[in-house]
Structure formats: C-alpha cells, structure tokens
Amino acid sequence: MSTAMNFSSKSFTPRPPDKGAFPLDHFGECSAFKERFMECLRRSGYESAACRQSAMAYLECRMDRQLMANEPLEKLGFKDLINEKSEEKPEKS
C-alpha cells in the first residue's frame, strides 16, 4: 500500500488582503506624519496606545492622498479620538 500523498486534489487560490494593497509612499507625502508617529513610539517606549493621535493623523494623510482606501476612522479603531475632537470644538450658534 502506498502512503504517498496526492496534493493535486486541493487547489490553492490566492486572494487579496482584506483591506487591499497599500501603495508605497514613493514621494514621501506622508513622511512627516510617519516620523512624528515613530518619534512618539520611541518616547513612549514603543507603547502604541500613547501614540494613537499620531497614528490617526498618519492614516488620514494616507487616505487623503489615495495611498490607501478611504475608511471611516471609526472602523479603524479611532472612534473615541473622533468624539474627543468634536467635544473640544465649541459649537457655533
């Protein structure tokens, strides 16, 4: 009896990432935002929770320049920061 496995019965079909591809920032359009985020990480001992404001600004830059698909910031985990922003702005009457 042969114990050889037949791998041809199952086929692998690759699929794209859930959020799509992230083009590289060849022209450095968001490099200032990236550097602020990286500096924040270094200052905080690489505690990413302390740098969420910088991360949100970096992602907004990428979306504004079509370097990533537009997503509501709430879906990216920044709902609490958006609520803080709107509370800081005084309402016009």
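The values are calculated or read from the model by the stated rules, or taken from the named source; none is laboratory data. Keep in mind that what you see is a predicted model, and the values were worked out from it rather than measured. Counting neighbours? That spans all protein chains shown, and the Cβs are built from the backbone with ideal geometry, glycine included. Ligands, DNA and RNA are excluded from the accessible area calculation, which covers all protein heavy atoms including side chains. Shrake-Rupley method; radii C 1.70, N 1.55, O 1.52, S 1.80 Å.
General observations
- Odd one out for Gly28, checked against (1) at pLDDT below 95; (2) closer than 17 Å to Leu76 by Cα: (2)
- Restricting the range 20-49 to residues that are assigned to a loop (DSSP other than H, G, I, E, B) and among the hydrophobic types (A, V, I, L, M, F, W, C), the residue that is surrounded by the most Cβ atoms within 10 Å (Cβ to Cβ): Cys30
- Hits in the range 50-80 - residues which are of a type in the set (A, V, I, L, M) and either open to solvent by less than 60 Å² (accessible area, probe 1.4 Å) or touching an Asp or Glu at 6+ places or on another chain (Cβ under 9 Å) (or both): Ala55, Met56, Ala57, Leu59, Met63, Leu67, Met68, Ala69, Leu73, Leu76
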